[in-house]
Amino acid sequence: MLYFCFLIFSIVVLKVLLIILLIYLGIKVVSKYFGPLILKYFTKKAMERFGGQFRNPGNQKQTPPQKEGEISIDKMPENKSSNKSVGEYVDYEEID
């Protein structure tokens, strides 16, 4: 009886291992043939999505060319009001 149970258990384990092996090999074969096609599709979609930002610079503001060493500020800084009620400044000296 124990031998029969062990035999059935080993057959079930072998079937499961065989199914896992077949699924692995199937995925490997399918990815070998269809993987490059899928990768090409996704790269094409990414190029369409992100490539338009670099190909069409008309959406950006046109800035005149600058001379070397000239500085221009495109964004005005926000006016931050300082908190005057922080306290008074105390000058100190370091003690060695």
Have a look at region 1-45 and give its Rg and Dmax from the Cα atoms, expressed in angstrom. 18.9, 62
Convert each backbone phi in region 10-22 into a coupling constant with the Karplus relation 6.51 cos²θ - 1.76 cosθ + 1.60 (shift: θ = phi - 60°), then list the ³J(HN,Hα) values in order as whole Hz, x for Gly and Pro. 5, 5, 5, 5, 5, 5, 5, 5, 5, 5, 4, 5, 5
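FYI, it's all coordinate maths here, none of it is from the lab. The shown structure was predicted, so the numbers you read here are calculated from the model rather than taken from an experiment.
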